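For reference, the structure discussed in these notes is given below.
What follows draws every value from the coordinates through simple rules; no lab data is involved. It should be emphasised that the depicted structure is a prediction, and the values quoted were computed from it without experimental measurement. Cβ atoms come from the backbone with ideal geometry, glycine included; neighbour counts cover every protein chain shown.
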């Protein structure tokens, strides 16, 4: 129980922030391209209570892939629905990659001044930032899987010629069911898709020297951040 509470204290804030920013970015870009649906429903806010799905939040900590309540987007309101769909869909993963990058830069900065900061202050901040890198990369990579209704699938629909895009978009009602079944029944397949780019992203963003420092000076191994 103590270890669970310790993990929860580290993972809760960056995890919620990652999924909320992902959803808000969809609504914000849709608003910029002509669709006011999310704004009119009060969903262009970082208030987590407007976005959190209890089951999605639980899954974030259980299987390290979670979700928030989708921000509503009416693609018919977009100036150019087929083209603008690409940007609306891509906004979520792009936001997560940006958040992971900023978190990694903060990690490197804190490590540089580590000797001047008390360990009891620096360690929890570093661990939350490491989890921020981790979960934002997981969300970005997972959502870029090219299967509707995931963001990657909608990006593909936007790029395909009209007839092909219409045919491909028809799998959307079944796409999420298939993905959930894979997550539950064949997690090794999902790991094969996510883990290699995830490890590469962590290694590239945080850097080998910073990772070595974290392993030697913090409880990162105890938290299991690097074990998907």
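Sorting 147, 133, 155 from the fewest to the most surrounding beta carbons within 10 angstrom yields 147, 155, 133.
In the chain, Cα pairs under 8 Å separated by at least six residues give a relative contact order of 20 percent.
Extending 7 Å from Cα along the Cβ direction at residue 77 and again at residue 108 yields two label points whose distance is 4.0 nm. Of [x] 8, 31, 34, 20, 7, 1, 0; [y] 8, 28, 30, 16, 9, 6, 4, 0; [z] 7, 26, 24, 18, 13, 7, 3, 1, which is the value of P(r) over Cα pairs in 10 Å bins from 0, in percent derived from the coordinates here? Answer by label: [x].
If you take the Cα centroid of region 71-120 and the Cα centroid of region 168-228, the two points sit 17 Å apart. With R₀ set to 30 Å, the beta-carbon distance separating residue 101 from residue 186 gives a calculated FRET efficiency near 0.45. Counting beta carbons within 10 Å around each of 206, 179, 55 and listing the fewest first gives the order 55, 179, 206. Where only DSSP H runs of four or more residues are counted, the chain gives -24000 deg cm²/dmol as its mean residue ellipticity at 222 nm, each run worth -39500 (n - 2.57). With neighbours defined as other Cβ atoms within 10 Å of a residue's Cβ, the residues 139, 126, 98 order from fewest to most as 98, 126, 139.
Distance between the 7 Å Cα→Cβ label points at residue 12 and residue 200: 3.6 nm. Once the Cα atoms of helix 119-143 and of the chain are each reduced to a long axis, what angle between those two axes, in degrees from 0 to 90 to the nearest 10, is obtained? Compared with the principal axis, the helix lies near 30 degrees. Return the FRET efficiency for the residue pair residue 47, residue 160: r is the Cβ-Cβ distance, R0 is 41 Å, and the value is rounded to the nearest 0.05. Efficiency, from the Cβ-Cβ distance: 0.70. Dividing the convex hull volume of the alpha-carbon atoms in region 135-228 by its residue count gives 101 Å³ per residue.
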